[in-house]
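Visitor: What follows is a structure written as structure tokens; I'll ask about it next.
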Amino acid sequence: MPRHPEGASHWISSGKNIVSELKAFMANPAEEEHRFTYPDGVRRSLLSKIAEARLDLDCRTEKIGSPHGLVCKKNDNSHGRARSASPTKSCWKPFVKSTLR
């Protein structure tokens, strides 16, 4: 039976999908910052996905509570592209759809 990375059972059993959560955050131009509360292994996997997709995010680990959270904030480049494209329509959807799988 294949082993899951650290924290994967928590992630799967909670019914959450971290990639879907990341996509929703990136697709919402009104949400500037998001806290992903997952065990360490899952947070590391998320950071890897963010780096692979070259998303315009500034991320830091917030060591409050358990599990700790990964706080990601869209940087000025992301906000500028979203606002110039349309104040109500997200410009990230095609990008996120093609880069996050």
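The values are calculated or read from the model by the stated rules, or taken from the named source; none is laboratory data. Keep in mind it's a predicted model, so treat the numbers as computed, not measured. Ideal geometry is used to build each Cβ from the backbone, glycine not excepted, and the neighbour counts take in all protein chains shown.
Visitor: Could you please find all residues in the stretch 1-28 being farther than 18 Å from residue 71 by Cβ and at pLDDT 90 or above?
Guide: 27
Visitor: Let me ask something else. Tell me, which helices (runs of 4 or more DSSP H) wholly within the stretch 31-101 include 1 or more residues that are at pLDDT 70 or above?
Guide: 40-53, 76-85
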